[in-house]
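Down below is the structure, laid out as structure tokens.
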Amino acid sequence: MSLRQLLLRLSGYLGASGPPHRPWWCSRSPDTISSVGSWRGRCSRSPAHWNQVVSEAEKIVGYPASFMSLRCLLSDELSNIAMQVRKLVGTQHPLLSTARGLVHDSRHNLQLRGLVVLLISKAAGPSADNSPCQNYDMVSGIYSCQRSLAEITELIHTALLVHRGIVNLSELQSSDGPLKDMQFGNKIAILSGDFLLANACNGLALLQNTKVSELIASALMDLVQGVYQENSASDEEHSITDDIGMSTWKEQTFLSHCALLAKSCQAAMELAKHDAEVQDMAFQYGKHMAMSHKINSDLQPFIKDKTSDSKTFNLNSAPVVLHQEFLGRDVWIRQIGEAQEKGRLNYTKLRETIKAGKGVTSAIDLCRYHGNKALEALESFPPSEARSALENIVFAVTRFS
């Protein structure tokens, strides 16, 4: 049975049907990146679409990143879990959409971290003193231990997605489905997420590198701390009018969205025994690329050609936080009050108010600023296909026209 057939069978277990959604960037013209402020320039071979960027990058590292953790996803344990998840079809439990996303992944966002780790491993190449790596095979310019690290990174990220899908049962509505189904979904989310984390920890131990273990363990700690801070803020009463500064937003975003990729890139350099300077440049690329990717994601409700009028957005997202800083707290509180209708926040009205301010354009500039920083970090690596692919990822993430 081919890999594609196995994935399709898994999607059948999960109740996934229909073609993947068309990515937002596929509807845009293949123009080069528009220059704003200090944007560093344009890529001579900038692919038109995100999917093309990812496809070209996958060819460079040797195989599609979507198959990266296939051994784990097709294990007997997760096959059994997939059968149990099928019972959630017809409910609104987030675990179901997460599982479908793992199969289809139309935006290639779920496997992005592992792909970046592989690309930066190949871009750096072997160190001058590569004797410690002689016990590892090298395929397509990447050590087997670095490929294992990429899988570990993806397992940790996937486990986080699964765990974040746990439902607050006290906030259930009748349209979400029977209570017993949602309770069952929570149990499966906890167990399957823990299973993925256990596999990641096992793989980390097999690398037999103390510094790498410390780096990934600290990244996992950062993830937990960042998610805890986000949840604590959202659970506070009247948090909708909290004074959230950009410095606080950056700290929380680094912990919950950037630390894993940044430290995984650094760990990949450690496995190849590169010096501290190369490790730091890899860390800086991962950090700033992930930050730029997060801001791009935050911007989507405000720049999409077609946005559902009733769709909500995160009030702690980059454009909103910047909008608050430009206005000042008093004006922001007044705008929140004006957007309230019958005790509920009218997101359509608030979205138009934010779009009329400076928050969206400032977030675009901030996204490109971090893109510049990522490109600066890449300058320490020798020119290669892998480096060009890493640059193209930055260009795609910072492209808004």
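Every number in this text was worked out from the coordinates using simple rules, so none of it is lab data. Just so you know, these numbers come straight off a predicted model, no measurement behind them. No Cβ is skipped: glycine too gets one built from the backbone with ideal geometry, and neighbour counts run over all protein chains shown.
Quick check on packing: order 317-329, 111-123, 349-361 by the mean number of other C-beta atoms within 10 Å, highest mean leading.
Details: 317-329: 20.8, 111-123: 26.8, 349-361: 17.8.
Order by mean packing, descending: 111-123, 317-329, 349-361.
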For Lys180 and Lys304, calculate 0.36 nm times their separation in residues minus their Cα-Cα distance, and state this gained length in nm to one decimal.
-> 40.9 nm
Using the per-residue mean of other Cβ atoms lying within 10 Å as a proxy for protection, in what order, highest first, do the peptides 363-369, 331-337 fall?
-> 363-369, 331-337
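Quick check: residue separation of Met246 and Ala356 times 0.36 nm, minus the Cα distance between them. What number comes out in nm?
On the way: separation 110, 0.36 × 110 = 39.60 nm, distance 1.95 nm.
Residue separation times 0.36 nm, minus the Cα-Cα distance, leaves 37.6 nm.
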Applied in sequence order to the stretch 272-286, the curve 6.51 cos²θ - 1.76 cosθ + 1.60 (Karplus, θ = phi - 60°) yields integer Hz couplings, x standing for Gly and Pro, of 8, 6, 7, 6, 5, 5, 5, 4, 5, 5, 5, 4, 5, 4, x
Show me 184-195, 373-384, 292-303 ranked by packing, highest mean number of other Cβ atoms within 10 Å first.
-> 292-303, 184-195, 373-384
Rg over Rh [alpha-carbon atoms, Kirkwood Rh] for the stretch 249-392 = 1.10
